[in-house]
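Undergrad: Input: one structure, supplied below.
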């Protein structure tokens, strides 16, 4: 009975978030294949128009297949933009309040920025402090743009801190930077959803 009551509260809050025309920033986080993408799309609901910002880059056939799979699963009326830098330029105050923005995902954006800033240098020689400062600059611009946007904005990210400590320097710094980026976003948004095994739990 207690579980059923908790579920009803969760469902009621969930439906509250999908009303078109409500200005809101939402962060959806979870592990790989947790169902966070599907949950984020459900939060959009029946929004008339959606700007979908995809931050992935097509680097091999496997990634191309993944991107195509996601693309086919999205509604035809969604407008997709593939971009991972200067995202604040896409999210602006001119967006119709009845529409929505879905950005997927923050973690891939951080990955792309890291390798862009690193260039052709060996990752062992990267200045991770300077790189994190540059990434934080992008994140702060993104947060400011989302806060100015009159429409609902849903951001998807990966929960990176629940596994073992990575064995190499690049992976450790990536985990730390991505984790701190998630903390910044979670502090700035109106709602945070954690998705585990296809079930979303509102934690903020």
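Undergrad: Evaluate the following for residue 52: is it closer than 27 Å to residue 31 by Cβ, touching a helix residue (DSSP H, G or I) at 6+ places or on another chain (Cβ under 7 Å) and modelled with pLDDT of 90 or more?
TA: no
Undergrad: Further, regarding this structure: Among 185, 170, 113, 142, which is the only one that is at pLDDT below 95, surrounded by 15 or more Cβ atoms within 10 Å (Cβ to Cβ) and part of a helix (DSSP H, G or I)? Talk me through it step by step, then tell me what you get.
TA: Working: 185 fails: at pLDDT below 95; 113 fails: at pLDDT below 95; 142 fails: at pLDDT below 95.
None of the others qualify; the one that does is 170.
Undergrad: Residues being assigned to a helix (DSSP H, G or I) and exposed (fewer than 12 other Cβ atoms within 10 Å of the Cβ): count how many of those fall in region 116-139. If you could, list the steps in order and put the result at the bottom.
TA: Of the residues in region 116-139, the ones assigned to a helix (DSSP H, G or I) are 116-118, 123-125, 128-139.
In the following step, the residues that additionally are exposed (fewer than 12 other Cβ atoms within 10 Å of the Cβ) were identified as 124-125, 129-130, 133, 137.
Adding up the residues that qualify gives 6.
Undergrad: Same structure, new question: Restricting region 149-167 to residues that are in a strand (DSSP E or B) and within 24 Å of residue 131 (Cβ to Cβ), which is farthest from the chain's Cα centre (by Cα)?
TA: Here is the first cut: in region 149-167, the ones in a strand (DSSP E or B) are 152-158.
Those left that are additionally within 24 Å of residue 131 (Cβ to Cβ): 155-158.
Working: 155: 3, 156: 2, 157: 4, 158: 8 Å.
Checked region 149-167; the qualifying residue farthest from the chain's Cα centre (by Cα) is 158.
Undergrad: Specify the residue that is modelled with the highest pLDDT; the eligible residues are those in region 55-67 that are surrounded by 13 or more Cβ atoms within 10 Å (Cβ to Cβ) and outside any helix (DSSP H, G or I).
TA: Across region 55-67, the extreme among qualifying residues is 55.
Undergrad: For region 87-106, which positions are surrounded by fewer than 19 Cβ atoms within 10 Å (Cβ to Cβ) and in contact with a strand residue (DSSP E or B) (Cβ under 9 Å, 6 or more places away or on another chain)? Please lay out each step first, then the result.
TA: Taking region 87-106 and keeping what is surrounded by fewer than 19 Cβ atoms within 10 Å (Cβ to Cβ), we get 88-90, 92-94, 96-98.
Within region 87-106, 90, 97 qualify.
The values are calculated or read from the model by the stated rules, or taken from the named source; none is laboratory data. Note that the coordinates shown come from a computational prediction; the quantities given were computed from them, not determined experimentally. Please note: Cβ atoms are built from the backbone with ideal geometry, for glycine as well, and neighbour counts cover all protein chains shown.
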